[in-house]
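Here the structure is laid out as structure tokens; the discussion comes afterwards.
Please treat every number below as a calculation from the coordinates, not as lab data. Computed from a prediction, not measured in an experiment: that's the story for all the values here. Quick reminder, even Gly has a Cβ in these numbers, built from the backbone with ideal geometry, and neighbours come from all protein chains shown.
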Amino acid sequence: MHVAIIMDGNGRWAAQRGLPRPAGHKAGVRAVRSVVEAAARSAVDVLTLYAFSADNWSRPADEVANLMGLLELYLISETDRCVENGVRARIIGRRDRLSPALVRAVEKTERATAEGERLTLQLAVDYSAREAISGAARLAALRRDALKFEDCLADAVHAVRGASSVDLLIRTGGERRLSDFLLWECAYAELVFVETCWPDFDEKDFQAALEEFHRRERRYGRVPPIAAATALRQTG
Ligand code: IPE
Ligand code: IPE
Ligand code: MG
């Protein structure tokens, strides 16, 4: 099962407490840790977390620097824990605009955790789904192999293969939009929007979203089995 999360609401969480936005981002890192561990313990194979969108470069320079710094710290401090918990961590998105130090930290974490088999954690950084799709189209044209478009899509953003369909997409913070995240992969994703701001989202909320997912009926354009059986009885 592939779960994707748009971790939104750090700024509002801080504002509600009279704190500066960096305090919200710092508290958000704690929530990442607990949700990653909860996912590793449950039936989730791939967890993709939206950490920084390509459009987030438009934020003030000090906020961008704060977010990039937190990401580097997270990678450095969590790598051992990922290895212990069987988590294979990767970054998806563009890498050419990240600082050399951050790219080194990313590569180190990816190498150290490469054998993890319980959970694949994808952190989307400098990520844009539209850019991913147009990048994949360019790759497919170069390779003259449009049939392998999904592989090109994975290559365009360094994603793992087999993670092409999201089953459940969660967005915290109360907004109901995709903000250029996994547009292709979410074609049949079940969407769960929660009001809770990301720093307050915990294991209990994560389990509640999984339960909500299991209550949904996924139809992929077909009729529900019960309606199909009734239709068969009526025609037969
Ligand atoms: C999500 O929280 C973190 C990132 C987008 C990096 P926000 O910073 O968007 O928080 P709000 O939406 O302003 O509350
Ligand atoms: C989406 O949140 C990006 C991340 C959570 C990293 P934003 O806060 O940037 O999205 P908008 O601006 O509300 O659409
Ligand atoms: Mg936001």
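Some observations on this one:
- Length gained on full extension, residue 234 to residue 130, computed as 0.36 nm times the residue gap minus the Cα-Cα distance: 32.9 nm.
- With neighbour counts taken as other beta-carbon atoms within 10 Å, the residues 214, 158, 2 rank, fewest first, as 214, 158, 2.
- Working note: Karplus 6.51/-1.76/1.60 with θ = phi - 60° gives the range 4-17 the couplings 10, 10, 8, 7, 10, x, 4, x, 5, 4, 5, 4, 4, 9 Hz, where Gly and Pro are set to x.
- The GluC sites (Glu not before Pro) of the range 86-149 that DSSP puts in a loop, and whose beta carbon has at most 14 other beta carbons within 10 Å, are 115, 117.
- Chymotrypsin sites (Phe, Trp or Tyr not before Pro) lying in DSSP loop within the range 165-210, provided at most 13 other Cβ fall within 10 Å: 188
- Going by neighbour counts of Cβ atoms within 10 Å, the residues 155, 126 line up, fewest first, as 155, 126.
- Nearest 10 degrees, 0 to 90: helix 21-41 Cα axis against the chain principal axis: 50
- Close amide H partners of residue 92, meaning residues 5 or more places away or on another chain with modelled amide H under 5 Å apart, are 123, 124, 125.
- The Stokes-Einstein estimate for the chain, based on a Kirkwood radius over Cα pairs and taken at 4 °C with 1.567 mPa s viscosity, is a diffusion coefficient of 69 µm²/s.
- Maximal additional length on extending the residue 203-residue 77 stretch stands at 43.3 nm, based on 0.36 nm per residue less the C-alpha distance.
- Fully extending the segment from residue 33 to residue 151 would add 39.5 nm, taking 0.36 nm per residue of separation and subtracting the current Cα-Cα distance.
- In order along the range 91-101, the phi-based Karplus estimate (6.51 cos²θ - 1.76 cosθ + 1.60, θ = phi - 60°) of 3J(HN,Hα) comes to 10, 10, x, 6, 10, 6, 9, 7, 5, x, 5 Hz; Gly and Pro are listed as x.
- Residues whose amide H lies under 5 Å from that of residue 120, counting only those 5 or more places away or on a different chain, are 46, 47, 88; hydrogens are built 1.01 Å from N in the peptide plane.
- Distance between the modelled labels on residue 144 and residue 96, one decimal in nanometres: 2.5 nm (7 Å Cα→Cβ projection).
- Estimated [θ] at 222 nm from DSSP helical runs (n ≥ 4, -39500 (n - 2.57)) normalised by residues in the chain, nearest 500: -15500 deg cm²/dmol
- Here the calculated FRET efficiency for residue 104 and residue 62, from their Cβ-Cβ distance with R0 = 22 Å, stands at 0.45, rounded to the nearest 0.05.
- Spin-label model, residue 223 to residue 184: label points 7 Å out along the Cα-to-beta-carbon direction sit 3.4 nm apart.
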